[in-house]
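Undergrad: Okay, here's the structure, questions in a sec.
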Amino acid sequence: MEILYNSTRGTEKVTASQAVLMGLSPDGGLFVPDHIPALDISLEELSRMTYQQVAYEVMSRYLTDYTEEELKNCIEKAYDAKFDTGVIAPLHQTDDHTWFLELFHGATIAFKDMALSILPHLLTTAARKNNVTNDIVILTATSGDTGKAALAGFADVPGTKIIVFYPKYGVSAIQEKQMVTQKGDNTYVVGITGNFDDAQTAVKKMFNDRDLENTIRKAGHQFSSANSINIGRLVPQVAYYVYAYVSLIREGKIQAGEKINIVVPTGNFGNILAAFYAKLMGLPVARLICASNENKVLFDFFRTGMYDRRREFVLTSSPSMDILISSNLERLIYRVCGNDPQALSVLMKKLTSEGMYSLPEEKRVELSDFYGNYCSEEETAGTIRRIYDSYGYVIDTHTAVAAGVYEKYCRETEDLRPAVIASTASPYKFTRSVLAAIEGREEEEDDFTLIDRLSSVSGVPVPRAVEEIRTAPVLHDRVVSPEDMPKTVLSILGCA
Ligand SMILES: *Cc1c(COP(=O)(O)O)cnc(C)c1O
């Protein structure tokens, strides 16, 4: 059955490939499937499949206007030797009810590779299907990981350009080095003198700026988004939750049909929303455990029904979760509001003008699939150390927020059914914080010395992605204020 995509804020209705191409709806809304497809294939059958085959079964249910050949082609190009393991997303067991789903085996050692290695192919296929002849210009705001993963995905893909904005003083040294050493004639990396929300707000504004759009169209370009609001990011992420579940069946750890919990370190709410979609498709999932760092807007929201961004923005050791406006939450709120774009628009306008909104009491019960909690910086470091001491397993700061919240959940609820924790970055991406947690003191050496020490502590070889940037030259050094972002885009595209 064909699936069309509705805007959360208007009457726009488009095909899957058009939604991938447009990123954001012209009315400012996010595209959502008009119904959630059922996973109408048995879990036993899925448990005998490779990652690529499972990805096809899941994605083909959503991207219904892509042909089988087109979609399989995209999947083949995405999940190949760029990943350092054939299973793509392996599970690592610690105690008898906990598995870490390692989503960091791609080109940039973070989970965003899972979606961003396939998005360029979904996008160029969509352009072909819709007779687009303009160059596709990817505009991205990043809190660290998206930037590099998008750059790696799009570098030298014909018919595309990619411009990445990142908070100059809000990402780790390694994250910055990864981005500013990016090769590819079609790649542009720009630091901004603001935080991630400033970057994201400015990018959203550019997407809605008709004059800007017309100017660049005349020069043969059109915008698209690689941010996690693109449905072409969300759909590939559903696949690894299904794959994790059927891997547990294959390994004899659970019976088909047995419910599991899923724990996700959350920022923009994309990753956990994908897990929710997997549940709605019929994957046996009990609770979705939403883990936040000290920017705990989502914890407060799940507790009180009030979303309130009016607070101090905290820089933490898990910078990819330092977010006060979780864009993808809009898709959940839309659903909770009975798929009513008018009701949703009222809330989103309130968020823009007053910095907060409240869900009516009777809608809150619809959030009962979710459990929210958060970890302080101290708790996060403590979790890294405890898991290292107990199991000899080293996790990154983002994953540690999830593991720490999961411990709180178990204590509070005594619900010890099997759980999968999304492990969203390699510890090598956040070496300084990880080593400081394990060794219990601040580190003074340079990043690469620490990387070598982490390798001897963890027994895990330094990933190729990290080795490569050790000696790579800086190719991008532009820094601008958030206000100057549109001007910068015009100048890059030769329109100024
Ligand atoms: C982006 C990111 C997150 C947050 O994921 P969302 O989908 O934005 O909620 C968590 N951990 C890491 C390492 C990330 O890069």
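Undergrad: Looking only at the range 92-106, decide whether some residue is hydroxyl-bearing (Ser, Thr, Tyr), under 21 Å from Ile469 (Cα atoms), in contact (Cβ under 8 Å) with a residue 12 or more places away in the chain and open to solvent by less than 10 Å² (accessible area, probe 1.4 Å).
TA: No, there is no match, as no residue in the range 92-106 is hydroxyl-bearing (Ser, Thr, Tyr), under 21 Å from Ile469 (Cα atoms), in contact (Cβ under 8 Å) with a residue 12 or more places away in the chain and open to solvent by less than 10 Å² (accessible area, probe 1.4 Å).
Undergrad: Considering each residue of the range 183-225, count those that are over 19 Å from Pro482 (Cβ atoms) and not basic (Lys, Arg), and give that number.
TA: Selection size over the range 183-225: 13.
Undergrad: Can you pull out every residue in the range 255-274 that is closer than 23 Å to Glu45 by Cβ, surrounded by 19 or more Cβ atoms within 10 Å (Cβ to Cβ) and more than 10 Å from the ligand (Cβ to nearest atom)?
TA: Ile260, Ile262 - these are the residues of the range 255-274 that are closer than 23 Å to Glu45 by Cβ, surrounded by 19 or more Cβ atoms within 10 Å (Cβ to Cβ) and more than 10 Å from the ligand (Cβ to nearest atom).
Residue by residue, here is whether (1) farther than 27 Å from Ser327 by Cα; (2) within 20 Å of the chain's Cα centre (by Cα); (3) part of a strand (DSSP E or B) holds:
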| residue | (1), (2), (3) |
| --- | --- |
| Asn6 | no, no, yes |
| Gly10 | no, no, no |
| Glu45 | yes, no, no |
| Met49 | yes, no, no |
| Ala55 | no, yes, no |
| Thr64 | no, no, no |
| Lys72 | yes, no, no |
| His92 | yes, no, yes |
| Phe104 | no, yes, no |
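Undergrad: Mind listing just one residue for me: the one in the range 389-405 that is assigned to a helix (DSSP H, G or I), open to solvent by less than 10 Å² (accessible area, probe 1.4 Å) and closer than 17 Å to Leu91 by Cβ and, of those, farthest from the ligand (Cβ to nearest atom)?
TA: Per the criteria, the residue is Ala403.
Every residue, every condition in (1) open to solvent by less than 60 Å² (accessible area, probe 1.4 Å); (2) out of contact with any Cys (no Cβ under 7 Å at 6 or more places or on another chain); (3) of a type in the set (Gly, Ala, Ser); (4) over 24 Å from Ala422 (Cα atoms), yes or no:
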position	(1), (2), (3), (4)
Val14	yes, yes, no, yes
Leu21	yes, yes, no, yes
Tyr51	yes, yes, no, no
Glu57	yes, yes, no, no
Thr64	yes, yes, no, yes
Thr67	no, yes, no, yes
Glu76	no, yes, no, no
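Undergrad: Would you mind telling me which numbered condition in (1) surrounded by fewer than 23 Cβ atoms within 10 Å (Cβ to Cβ); (2) closer than 20 Å to Ala141 by Cα Ala226 fails?
TA: All conditions pass for Ala226, except number (1).
Undergrad: Scan the range 275-290 for residues that are small (Gly, Ala, Ser) and either open to solvent by 10 Å² or more (accessible area, probe 1.4 Å) or within 8 Å of the ligand (Cβ to nearest atom) (or both) and jot them down.
TA: Listed by number, the residues that qualify are Gly282, Ala286.
Undergrad: So, in the range 252-269, exactly how many residues are in contact (Cβ under 8 Å) with a residue 24 or more places away in the chain and over 21 Å from the mean Cα position of the chain (by Cα)?
TA: The number of residues fulfilling the criteria is 7.
Undergrad: Considering only the range 179-257, give the helices (runs of 4 or more DSSP H) lying wholly within it that have at least 1 residues that are in contact with a Gly (Cβ under 7 Å, 6 or more places away or on another chain).
TA: Filter on the range 179-257 gives 196-207, 231-250.
Undergrad: Follow-up. Hey, among the residues in the range 103-144 that are of a type in the set (Ser, Thr, Tyr) and over 17 Å from Glu76 (Cα atoms), which one's nearest to the ligand (Cβ to nearest atom)?
TA: Step by step, filter the range 103-144, then rank; the result is Ser143.
Undergrad: Can you find, within the range 365-388, the residue that is nearest to Lys279 (Cα to Cα) among those that are in contact with a Phe, Trp or Tyr (Cβ under 9 Å, 6 or more places away or on another chain) and open to solvent by 20 Å² or more (accessible area, probe 1.4 Å)?
TA: Among residues in the range 365-388 that are in contact with a Phe, Trp or Tyr (Cβ under 9 Å, 6 or more places away or on another chain) and open to solvent by 20 Å² or more (accessible area, probe 1.4 Å), the one nearest to Lys279 (Cα to Cα) is Asp369.
Yes/no per residue for (1) out of contact with any strand residue (DSSP E or B) (no Cβ under 6 Å at 6 or more places or on another chain); (2) within 16 Å of the ligand (Cβ to nearest atom); (3) farther than 14 Å from Thr488 by Cα:
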site	(1), (2), (3)
Thr181	yes, no, yes
Asn186	no, no, yes
Val189	no, no, no
Val203	no, yes, no
Asn208	yes, no, yes
Asp211	yes, no, yes
Arg217	yes, no, yes
Ser224	no, no, yes
Ser228	yes, yes, yes
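Undergrad: Could you figure out which of (1) more than 24 Å from Val263 (Cβ to Cβ); (2) away from the ligand (no atom under 16 Å from the Cβ) isn't true of Thr413?
TA: In the conditions (1) more than 24 Å from Val263 (Cβ to Cβ); (2) away from the ligand (no atom under 16 Å from the Cβ), Thr413 misses (1) alone.
Undergrad: For the condition under 15 Å from Val180 (Cα atoms), assigned to a helix (DSSP H, G or I) and in contact with a helix residue (DSSP H, G or I) (Cβ under 9 Å, 6 or more places away or on another chain), what is the one hit in Val466, Val474, Val457, Val489?
TA: Exactly one of Val466, Val474, Val457, Val489 is under 15 Å from Val180 (Cα atoms), assigned to a helix (DSSP H, G or I) and in contact with a helix residue (DSSP H, G or I) (Cβ under 9 Å, 6 or more places away or on another chain), namely Val466.
Undergrad: Out of Lys112, Lys129, I need the residue that is within 17 Å of Ala81 (Cα to Cα) and basic (Lys, Arg). Which one?
TA: After applying the criteria, what remains is Lys112.
Undergrad: Can you report the number of residues in the range 425-454 which are open to solvent by 10 Å² or more (accessible area, probe 1.4 Å), in contact (Cβ under 8 Å) with a residue 24 or more places away in the chain and not in a helix (DSSP H, G or I)?
TA: 1
Undergrad: Which one of the conditions (1) more than 24 Å from Ile451 (Cα to Cα); (2) touching a helix residue (DSSP H, G or I) at 6+ places or on another chain (Cβ under 7 Å) does Ala149 fail to meet, given that it meets all the rest?
TA: (1)
Undergrad: Sticking with this one: Can you find even one residue in the range 63-82 that is modelled with pLDDT under 95, hydrophobic (A, V, I, L, M, F, W, C) and within 16 Å of the ligand (Cβ to nearest atom)?
TA: Checking the range 63-82: not a single residue is modelled with pLDDT under 95, hydrophobic (A, V, I, L, M, F, W, C) and within 16 Å of the ligand (Cβ to nearest atom).
Undergrad: Could you list, in sequence order, all residues of the range 62-91 that are among the aromatic types (Phe, Trp, Tyr) and touching a His at 6+ places or on another chain (Cβ under 7 Å)?
TA: Correct list: Phe83 only.
Undergrad: How many residues does the range 297-320 contain that are within 16 Å of the ligand (Cβ to nearest atom) and open to solvent by less than 10 Å² (accessible area, probe 1.4 Å)?
TA: Number satisfying all stated conditions: 5.
Undergrad: Right, something else. Which of (1) at pLDDT 95 or above; (2) among the acidic types (Asp, Glu); (3) open to solvent by 10 Å² or more (accessible area, probe 1.4 Å) is the odd one out, the single condition Glu362 does not satisfy?
TA: Glu362 satisfies every listed condition except (1).
The values are calculated or read from the model by the stated rules, or taken from the named source; none is laboratory data. Computed from a prediction, not measured in an experiment: that's the story for all the values here. Glycine gets a Cβ as well: all are built from the backbone with ideal geometry, and neighbour counts include every protein chain shown. To get the accessible areas, we keep the full protein, side chains included, count just its heavy atoms, and leave off ligands, DNA and RNA. Shrake-Rupley method; radii C 1.70, N 1.55, O 1.52, S 1.80 Å.
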